[in-house]
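Engineer: Let me begin by handing over the structure; questions about it come next.
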Amino acid sequence: MKTFLEMNLPESLTHTLKHIGFNEPTPIQAQTVPVALKGQDVLGSAQTGTGKTAAFGIPMIAELLSNEDSNALVMTPTRELAKQVMDQMQAMLGKKSKIKTALLIGGEAMPRQFQQLRNNPRLVIGTPGRINDHLNRKSLKLSKTNFLVLDETDRMLDMGFSIQIKEIIEYMPKTRQTLLFSATLPHKITKIAEQYLNNPARISVASNCAIAENIEQRMVKVNDSEKYNTLLNTLVDKKETVIIFVKTKFGADRLAKKLSQQGQSSQSIHGDLKQSKRERVIKDFRNKKYNVLVATDVAARGLDIPHIKLVINYDLPQCPEDYIHRIGRTARAGKEGKALNLVAPTDRGKWNAIERLIDPTKRSKNDNDSKNSRNFKFKKKRYSSQNRRKPNFRTGASKAQ
């Protein structure tokens, strides 16, 4: 289907979609929405930035608008993603909608959430830990919730939420519609799909490990002692927005402080920040009040800021799949972006795992082998502390094919 008008959606939803600029469905939306509107379960995979939220949001809202007895629950792995999903759902519902909502996430005051739940919301969005907390307190009831969305399921499992998810679903009716989305579909995801989905439609718009073609990727070999100077040289005179990924909360705070002392406008974000502070940091970054955000993987998924031009992996991710989600913060909605990966000798194992994930035919190579694979193309450079030039990002070079 080429337009949302062809999907026979409720009139009010069609109106709000047009109002917020949703004219033509993306591939994941074009495949998912018609199937979900028929009431079928969905097991979906799509790379980040493809419009996945609307792919489950449109049929979910259509169900809520068409059936006053319907209620929906959306589970996400992080607070930031839950809030972004809520913002998009409320935009789709429109300002005049009578459908009440509740956002259940950690780091926010419980009294406010209790008040939202007392209003009998028909749409609840939250993280597994806080949802489970409300169920145990009996402030949330799911006995009439017949529409379930599990978003970024692979990430929820990686974060150890499998038990909470199981406990939450036990509170729900067995007769329901379930949409499960995951960026990758390893065995653990297909196994959980067998538990919670009923004869789902399998929908995938790209390779599970595909990287957007408009991301220019570069790998730079550095010694640990050279890494910080390489970063500084990259950021010299750079006014565009940059997100730098590190592996620890302490490392994020320390690096952001050092960069600020060097005259770089930077902030850090990680799981130990209070929710209000995290929201303020993201809002200021979105509004370009500073241009460098240093983050742990809490920001790797769900952070949708279109103007991010460069992603720097200062520390490589522990999990190869997280590489895809990290660099997916740039090149959103068809725009171009760049990714710089600083690889120390101790990182070779992680780097080889990333290469194998994206191209399973690629085998481990020694450091002198710069052969490009058919699907995964990098420009490699050896940085020397004697040569303090910025890495040269050339438009159109080293893009993933």
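The values are calculated or read from the model by the stated rules, or taken from the named source; none is laboratory data. Since we're looking at a predicted model, the values are computed, not measured. Here the Cβ positions follow ideal geometry from the backbone for every residue, glycine too, while neighbour counts run over all protein chains shown.
Engineer: Could you say which residue among Thr178, Thr145 is part of a loop (DSSP other than H, G, I, E, B), in the same structural domain as Val35 (by TED's automatic domain parsing) and either modelled with pLDDT of 95 or more or crowded, with 23+ Cβ neighbours inside 10 Å (or both)?
Structural biologist: Thr145
Engineer: From the list Leu273, Leu293, Leu316, pick out the single residue that is more than 24 Å from Glu355 (Cβ to Cβ), in contact with a helix residue (DSSP H, G or I) (Cβ under 6 Å, 6 or more places away or on another chain) and not in a helix (DSSP H, G or I).
Structural biologist: Being more than 24 Å from Glu355 (Cβ to Cβ), in contact with a helix residue (DSSP H, G or I) (Cβ under 6 Å, 6 or more places away or on another chain) and not in a helix (DSSP H, G or I) holds for just one of Leu273, Leu293, Leu316, which is Leu293.
Engineer: If you don't mind, another one. Which one is farthest from Pro128 (Cα to Cα) among residues in region 152-175 that are of a type in the set (A, V, I, L, M, F, W, C) and surrounded by 15 or more Cβ atoms within 10 Å (Cβ to Cβ)?
Structural biologist: Ranking the qualifying residues of region 152-175, first place goes to Met172.
Engineer: Oh, and also: Give me a count of the residues in region 66-84 that are crowded, with 18+ Cβ neighbours inside 10 Å and more than 19 Å from Phe161 (Cα to Cα).
Structural biologist: 4
Engineer: Scan region 296-338 for residues that are in contact with a His (Cβ under 7 Å, 6 or more places away or on another chain) and modelled with pLDDT of 85 or more and jot them down.
Structural biologist: Thr296
Engineer: Another question, if that's okay. Just to verify a result, which residue in region 298-347, among those that are more than 25 Å from Ser225 (Cβ to Cβ) and without any contact (Cβ under 8 Å) to a residue 60 or more places away in the chain, is surrounded by the most Cβ atoms within 10 Å (Cβ to Cβ)?
Structural biologist: Ala300
Engineer: Something else: For Gln116, only one of the following conditions fails: (1) part of a helix (DSSP H, G or I); (2) under 18 Å from Val298 (Cα atoms). What is its number?
Structural biologist: It is condition (2) that Gln116 fails.
Engineer: Filtering region 208-229 down to residues that are surrounded by fewer than 18 Cβ atoms within 10 Å (Cβ to Cβ) and closer than 10 Å to Ala331 by Cβ, which residue is modelled with the lowest pLDDT?
Structural biologist: Ranking the candidates gives Glu213 first.
Engineer: What about Ser139, is it over 21 Å from Thr178 (Cα atoms) and over 26 Å from the mean Cα position of the chain (by Cα)?
Structural biologist: In short, yes.
Engineer: Only one of Ala91, Ala62, Ala46, Ala30 is farther than 20 Å from Ile169 by Cα, surrounded by fewer than 19 Cβ atoms within 10 Å (Cβ to Cβ) and among the aliphatic types (A, V, I, L, M). Can you tell me which?
Structural biologist: Ala91 is the lone residue from the list that is farther than 20 Å from Ile169 by Cα, surrounded by fewer than 19 Cβ atoms within 10 Å (Cβ to Cβ) and among the aliphatic types (A, V, I, L, M).
Engineer: Kindly list, by first and then second residue, each pair from a residue in region 115-139 that is more than 17 Å from Ser162 (Cβ to Cβ) to a residue that is part of a helix (DSSP H, G or I), limited to pairs with Cβ atoms under 6 Å and residues at least 6 apart or on different chains.
Structural biologist: Arg122/Leu64; Ile125/Ala82; Ile125/Val85; Ile125/Met86; Ser139/Phe114; Ser139/Leu117
Engineer: Another question, then. May I ask you to say which residue of Thr32, Thr50 is assigned by TED's automatic domain parsing to the domain that holds Gly106, at pLDDT below 90 and either under 30 Å from Ile269 (Cα atoms) or within 20 Å of the chain's Cα centre (by Cα) (or both)?
Structural biologist: Going through Thr32, Thr50 in turn, the sole match is Thr50.
Engineer: Additional query: Before we move on, is Gly160 assigned to a loop (DSSP other than H, G, I, E, B) and either within 17 Å of the chain's Cα centre (by Cα) or not assigned by TED's automatic domain parsing to the domain that holds Ile354 (or both)?
Structural biologist: It is true that Gly160 is assigned to a loop (DSSP other than H, G, I, E, B) and either within 17 Å of the chain's Cα centre (by Cα) or not assigned by TED's automatic domain parsing to the domain that holds Ile354 (or both).
Engineer: Name the pairs whose Cβ atoms lie under 8 Å apart, with the first residue in region 184-204 and outside the structural domain of Tyr323 (by TED's automatic domain parsing) and part of a loop (DSSP other than H, G, I, E, B), the second among the small types (Gly, Ala, Ser) and surrounded by 12 or more Cβ atoms within 10 Å (Cβ to Cβ), and 6 or more positions between them or separate chains?
Structural biologist: What qualifies is Thr184/Ser45; Leu185/Ser45; Leu185/Ser204; Pro200/Ala193.
Engineer: Hey, any hits in region 263-270 for a residue that's part of a helix (DSSP H, G or I), of a type in the set (S, T, N, Q) and touching a residue at least 24 places away in the same chain (Cβ under 8 Å)?
Structural biologist: no
Engineer: Sticking with this one: Exactly one of these conditions fails for Val74: (1) touching a His at 6+ places or on another chain (Cβ under 8 Å); (2) closer than 19 Å to Thr153 by Cα. Give me its number.
Structural biologist: Every condition holds for Val74 apart from (1).
Engineer: While we're on this one: Restricting attention to region 319-350, and to residues there that are in a loop (DSSP other than H, G, I, E, B) and of a type outside the set (S, T, N, Q), which single residue is farthest from Lys83 (Cα to Cα)?
Structural biologist: Per the stated criteria, the residue is Ala344.
Engineer: Now, a different point. Determine whether region 238-253 contains at least one residue that is of a type outside the set (Val, Ile, Thr), part of a helix (DSSP H, G or I) and surrounded by fewer than 16 Cβ atoms within 10 Å (Cβ to Cβ).
Structural biologist: yes
Engineer: Considering only residues that are at pLDDT 85 or above and either surrounded by 14 or more Cβ atoms within 10 Å (Cβ to Cβ) or in contact with a Phe, Trp or Tyr (Cβ under 9 Å, 6 or more places away or on another chain) (or both), which ones fall in region 4-24?
Structural biologist: Selection gives Phe4, Met7, Leu9, Pro10, Ser12, Leu13, Thr14, Thr16, Leu17, Lys18, Phe22, Glu24.
Engineer: Further, regarding this structure: Sort out which residues of region 64-88 are within 18 Å of Ile131 (Cα to Cα), aliphatic (A, V, I, L, M) and in a helix (DSSP H, G or I), and write them in order of number.
Structural biologist: The answer is Leu81, Ala82, Val85, Met86.
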